[in-house]
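> Sharing a structure here in structure tokens format.
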Amino acid sequence: MDYLDEISEGNQDLACDLIEMFIKQVPIFTEQLDDLYKNGDFILLSKLAHKIKSSVAMMGISELTTDMKTLEFIAKEGKEVEKYPIFISKFKTISNEAINELNDILIKLK
């Protein structure tokens, strides 16, 4: 929440908008991660990991930021393919936990 406060400069409406956008993006990101991995489209998987990295960084989820950065680089090269499901699974677990916490924050902000 500290990082989100810093980005929004204390503007609660902006913070709420950013949280709501993240919450809406997670299911889309999850579906895209699964589809791109299943289809072996690792270049697009790399690009998606880059996009996700920015979103999770904005929410201050540093563990996922690091994971998505790693996935971005290894998928770009098509290396260590056996690790991709681990990163995808971690994204699903941690982002869903974050959504629960962010929904609680939204209630307090509104």
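> Spelling out what I want: for every residue of segment 88-97, take phi, set θ = phi - 60°, compute 6.51 cos²θ - 1.76 cosθ + 1.60 (Karplus), and round to whole Hz; glycine and proline get x.
Along segment 88-97, the couplings run 5, 4, 4, 4, 4, 5, 5, 5, 5, 5 Hz.
> OK, next. If you average the sequence gap of Cα pairs under 8 Å that are 6 or more apart and divide by the length of the chain, what percent do you get for the contact order?
28 percent
> So if R0 is 35 Å, what FRET efficiency would D5 and D34 give, r being the distance between their Cβ atoms, rounded to the nearest 0.05?
Step by step, r from the Cβ atoms, then E = 0.60.
> Treating only the Cβ atoms of Lys and Arg (+1) and Asp and Glu (-1) as charged, compute the dipole magnitude of the chain about its Cα centre; round to the nearest 20 debye.
360 debye
> What does a probe at I94 reach in segment 40-59, counting residues whose amide N is under 19 Å from the point 7 Å along Cα→Cβ?
45-59
> State the number of lysine pairs found in the chain whose Cα atoms come within less than 16 Å, restricting to pairs 8 or more positions apart or on distinct chains.
Eligible lysine pairs with Cα atoms under 16 Å apart amount to 23.
> Counting only heavy atoms of protein chains, what accessible area per residue, in Å², does the chain have with a probe of 1.4 Å?
On a per-residue basis, 59 Å².
> Per DSSP helix of 4 or more residues, -39500 (n - 2.57); summed, then divided by the residues of the chain. What does that give at 222 nm, rounded to the nearest 500?
-29000 deg cm²/dmol
> Over the chain, with every protein chain in place, what whole percent of the accessible area is carbon and sulfur at 1.4 Å, could you tell me?
On the chain, the fraction of accessible area on carbon and sulfur atoms equals 52 percent.
> Any chance you could give the angle, 0 to 90 degrees and rounded to 10, that helix 12-39 forms with the longest Cα principal axis of the chain?
The angle comes out at about 10 degrees.
The values are calculated or read from the model by the stated rules, or taken from the named source; none is laboratory data. Given the structure is predicted, the values throughout are model-derived calculations rather than measurements. Every residue, glycine as well, gets a Cβ built from its backbone with ideal geometry; the counts of neighbours run over all protein chains shown. The protein model used for the area step is the full one, side chains on, heavy atoms only, and it has no ligands, DNA or RNA in it. Shrake-Rupley method; radii C 1.70, N 1.55, O 1.52, S 1.80 Å.
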